Amino acid sequence: LSMPAVYDELGLKYVPSAANFFMLPFETEAEALQFALALEQRGVIVRPLRGFGLPHCVRITIGTREQNDTLTAALKE
């Protein structure tokens, strides 16, 4: 599955992108940070975007197939 298909399957909002990353917006900064921390605890590092003026968003870079599989598994947990 492509990452957008995974996001859709899990009901995660994302900003469509032609770049090598996706931005996921959340309702609050706290939700974005909780999401980032939960992934970090599962071995996946993402970038909260507070420093870019988007405190309620997280950036997920597209990785290798193995990295994307790890991300998918972490998201499904």
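The values are calculated or read from the model by the stated rules, or taken from the named source; none is laboratory data. Being a predicted model, the structure only gives us computed values, none of them experimental. Using ideal geometry, Cβ is built from the backbone for each residue, glycine included, and neighbour counts are taken over all protein chains shown. Ligands, DNA and RNA are stripped out before the accessible areas are found, and what is left, the full protein with its side chains, is counted by its heavy atoms. Shrake-Rupley method; radii C 1.70, N 1.55, O 1.52, S 1.80 Å.
For this structure, a couple of remarks:
- Cut-off under 5 Å, modelled amide H: who pairs with I62 long-range: F21, F22
- With N as its number of residues, the chain has a Cα radius of gyration that, divided by 2.2 N^0.38 Å, comes to 1.00.
- Diffusion constant of the range 34-75 at 4 °C, which comes from Stokes-Einstein with the Kirkwood Cα-pair radius and 1.567 mPa s, µm²/s: 121 µm²/s
- The fraction of accessible area contributed by carbon and sulfur in the chain is 53 percent, rounded to a whole number (1.4 Å probe; ligands and nucleic acids excluded).
- Computing FRET efficiency as 1/(1 + (r/R0)^6) for A30 and E77, where r is the C-beta to C-beta distance and R0 is 25 Å, gives about 0.80.
- The chain - accessible surface per residue (Å², probe 1.4 Å): 65 Å²
- Among the GluC sites (Glu not before Pro) in the range 1-52, those placed in a DSSP loop whose Cβ has at most 14 other Cβ atoms within 10 Å are E27.
- Sparsely packed loop sites in the range 17-77 (the chymotrypsin sites (Phe, Trp or Tyr not before Pro) outside DSSP H, G, I, E and B with at most 14 other Cβ atoms within 10 Å) do not occur.
- Charged side chains reduced to their Cβ positions (Lys and Arg at +1, Asp and Glu at -1) give the chain a dipole of some 200 debye around its Cα centre.
- Length released on extending from K13 to Q67, taking residue separation times 0.36 nm less the Cα-Cα span: 17.4 nm
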